[in-house]
Structure formats: C-alpha cells, structure tokens
Amino acid sequence: MNLFHKPMMRAAVLALCTATLSTAPMMMAQDNTAPPPQQQDNMGPPPGGHGRGMRGERQVEMLTKRLNLTPDQVTQVKAIDADQMTQMKALHDDTSTPQADKRSKMMAIRQASQDKIRNVLTDEQKPKYDAMLAKMQSRRHNHDGGDAGAPPPPPPPQ
C-alpha cells in the first residue's frame with residue numbers, strides 16, 4: 001500500500017516541501033547580504049583618487065618602451081610629469097581664474113611639459129616622440145569631430 005494515498009501523509013509531505021522551498025530564497029538572501037570582497041585591479045582609479053598618478057605612470061612606461069629611455073631620462077620625465085600634475089591641480093583648484101581661461105592655460109602647461117620632455121630626448125628619439133604627439137593630436141582631433149583647439153560647446157540650458 002502506498003503511503004501517499006493517505007490524506008494525512010500527503011498533507012504532511014506537501015507541508016514539508018512547501019516549508020523547504022519557502023526558506024531556500026531567505027537562506028540564499030542571507031548569504032548575499034555580505035558585501036563581496038574587494039578585488040584589486042588596474043581597470044580604474046584607486047579608491048579615493050582620480051587615477052591621475054596612474055595615468056602619468058602609464059605615460060612614462062609607454063615613453064620608456066617606445067623611445068627606449070635611459071634611466072636618467074626616465075627620472076627627468078617623471079619629474080616633468082609630476083610638475084605638470086602639480087600645475088594642473090593648482091589651476092583646477094584656482095577659483096580666481098575664469099573657467100574660460102583655464103582650458104587655454106592647461107593647454108599651455110601641457111605644451112610646456114611636452115617641450116621639456118622633448119629637450120630631454122636624443123636626436124634619434126625626437127622624431128619618434130613628435131610622431132607620437134602627432135598621432136595623439138590626430139586621434140583627439142578625430143574624436144572631437146573637428147578642430148582640437150576649439151573649446152567644447154556650452155552645456156545645455158536647464
């Protein structure tokens with residue numbers, strides 16, 4: 001004789017299955033309440049930072065690899081990059097300079113840094129560096145859809 005034919009046994013098995021299935025989502029939700037462990041990757045800025053230091057490091061690494069910089073040149077380029085970052089941050093934080101003037105001043109700081117880096121390079125490295133700069137400017141020009149020196153459009157009215 002089959003036990004499932006008795007109404008009481010069928011009700012008990014049904015209640016047990018229902019209770020088991022209804023508690024499974026709650027148990028899974030409890031397991032997911034803990035935040036996932038922080039994973040360290042290089043896909044973005046570090047917590048609390050803007051990633052500018054990392055960008056400068058990558059630029060120095062790229063220049064070192066493509067131009068075969070000497071250790072002395074690497075030191076000089078790092079110093080130039082650090083100085084540029086300091087100047088850019090000071091300009092960014094300066095509330096007395098009108099926003100319209102900041103872009104041209106930032107471009108002047110960048111140009112001065114590029115000139116300083118160029119002065120550190122050998123005669124064999126300079127054409128490669130100039131080609132890299134031209135390629136970056138071309139990408140920027142194409143990305144902007146026109147003149148890279150033109151200011152960005154004003155924000156839409158609110």
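The values are calculated or read from the model by the stated rules, or taken from the named source; none is laboratory data. Because the structure is predicted, anything quoted here is derived from the model rather than measured. Here the Cβ is made from the backbone with ideal geometry for all residues, glycine too, and neighbour counts use every protein chain on show. Surface accessibility is based on the protein's heavy atoms, side chains included, excluding ligands, DNA and RNA. Shrake-Rupley method; radii C 1.70, N 1.55, O 1.52, S 1.80 Å.
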Complete set of residues in segment 107-126 that are open to solvent by less than 50 Å² (accessible area, probe 1.4 Å) and in a helix (DSSP H, G or I): I109, A112, S113, Q114, I117, V120, Q125, K126
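Yes or no, residue by residue, for (1) at pLDDT 70 or above; (2) more than 29 Å from K128 (Cβ to Cβ):
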residue: P47; (1), (2): no, yes
residue: G51; (1), (2): no, no
residue: M54; (1), (2): no, no
residue: E57; (1), (2): yes, no
residue: K65; (1), (2): yes, no
residue: V74; (1), (2): yes, no
residue: A79; (1), (2): yes, no
residue: M88; (1), (2): yes, no
residue: T97; (1), (2): yes, yes
Count of segment 68-100 residues which are touching a residue at least 12 places away in the same chain (Cβ under 8 Å), assigned to a helix (DSSP H, G or I) and under 30 Å from D123 (Cβ atoms): 13
